Amino acid sequence: MNTESELFSQLLNYLNTAVVLVDSSCEIRYMNQSAEAIFGLSMTKALGMDIVPILSTSKADRHALVNAIQQSHPFIKRKAEFHNALGKNTIVDYSVTPFDQEDGNYLLIEISEMDRLIRISREESILATHDTSRQLIRGLAHEVKNPLGGIRGAAQLLASELDNPEWLEYTDVIAKETDRLRNLVDRMLGPNVPPNMAELNVHEVLERVSKLLEAEDNQAIRIVRDYDPSLPEIAGDFEQLIQAVLNIARNAKQAVSENETKDPHIILRTRIQHRFTIGSVQHLLIARIDIEDNGPGIPPNKIDDIFYPMITGRSEGTGLGLPIAQSIINAHSGLVECQSHSGQTVFSIFLPISQLTESNDEPTHA
């Protein structure tokens, strides 16, 4: 039987509104799961942290919080922007309510994420775009691969009738080029087998990717690991997830190496997020994997197109790495997002945990 305090804690964790308790020194004493998701921090890491730099860099806002404690003066802040621990900018409204306890004065801060609906709408657009793209590619593959097979067969028949080695070279070129085009179409389609789901540790995936990147560049690019050790195992296809993360990480590597970036580095970061919506499904727990680089960033006019096949900013690129990564993650009921500005690009992979662990409820529809 749950105690009353455990029941209240569970109720707070089911709220979509973030709830934070701070003491008279503006240090965090409690936060619910929605607050952990907005701040990009677990409660264990957040305990004792100063709330003000998270909510705002303004001295006036610190004064308002201190005044709320000292004068028991509640207030509401509209459209506040703050940078969380994951480097994400979030627009929120928050209300501050002071109250007294025997051991001191406290503030109860309730935070509503204003861009939540915007994010959900953007994610639905990404999923719809990717689905449309794959339907187009499937149609293209059918229309292209059939005549390619005929061309290759005709080249082989022609080669069997020719005695001149010089002419045979041309039929060989035809066969090789048709094979190359067929392989290109197959790559555009992405993995043609469903993921072989098994329990795995995402940090093992990231370590494999790290070693591959370091081997390719002889450790010229610094790999920074920022892992959350509390992240539970998830279900996934180990090899496919390596491929997805490696595609994104290689893009990051090329971004910092080809633009003479000072102190080129890639950050591999993991976090848990709570009550996260992907498409129309709300998941209780999400594993978030960030691949961050300090390259020049993606131009704003191109960022909406990066998950389309054949879209690339590199002269030698194929533009298939990101669509294939998105396809793999979608097959895992997940999503890939990107945020970018000059000096920082972050690709975030979201993979459900709640539907994969027996101790959690099934995902609920938002």
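The values are calculated or read from the model by the stated rules, or taken from the named source; none is laboratory data. Since the model is a prediction, treat every value here as computed from it, not as a measurement. Neighbour counts run over all protein chains shown; Cβ positions are idealised from the backbone, glycine included.
Quick notes
For every residue, the table says whether it meets (1) without any contact (Cβ under 8 Å) to a residue 40 or more places away in the chain; (2) in contact with a helix residue (DSSP H, G or I) (Cβ under 6 Å, 6 or more places away or on another chain); (3) more than 23 Å from Leu285 (Cα to Cα).
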residue	(1), (2), (3)
Val193	yes, no, yes
Met197	no, no, no
Val202	no, no, no
Asp217	no, no, yes
Arg222	no, no, yes
Leu231	no, no, no
Phe238	no, no, no
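- Unique match (being outside the structural domain of Asn89 (by TED's automatic domain parsing), more than 22 Å from Val185 (Cβ to Cβ), of a type in the set (Asp, Glu) and at pLDDT below 90) among Asp293, Asp304: Asp304
- Looking only at residues of region 73-100 that are at pLDDT below 85 and over 17 Å from Thr17 (Cα atoms), we find that the one that is farthest from the chain's Cα centre (by Cα) is Asp100.
- Those residues of region 229-242 which are surrounded by 17 or more Cβ atoms within 10 Å (Cβ to Cβ) and either among the acidic types (Asp, Glu) or within 20 Å of Glu292 (Cβ to Cβ) (or both), in sequence order: Leu231, Asp237, Leu241, Ile242
- Residue that is modelled with the lowest pLDDT, among those in region 163-183 that are surrounded by 14 or more Cβ atoms within 10 Å (Cβ to Cβ) and among the hydrophobic types (A, V, I, L, M, F, W, C): Leu181
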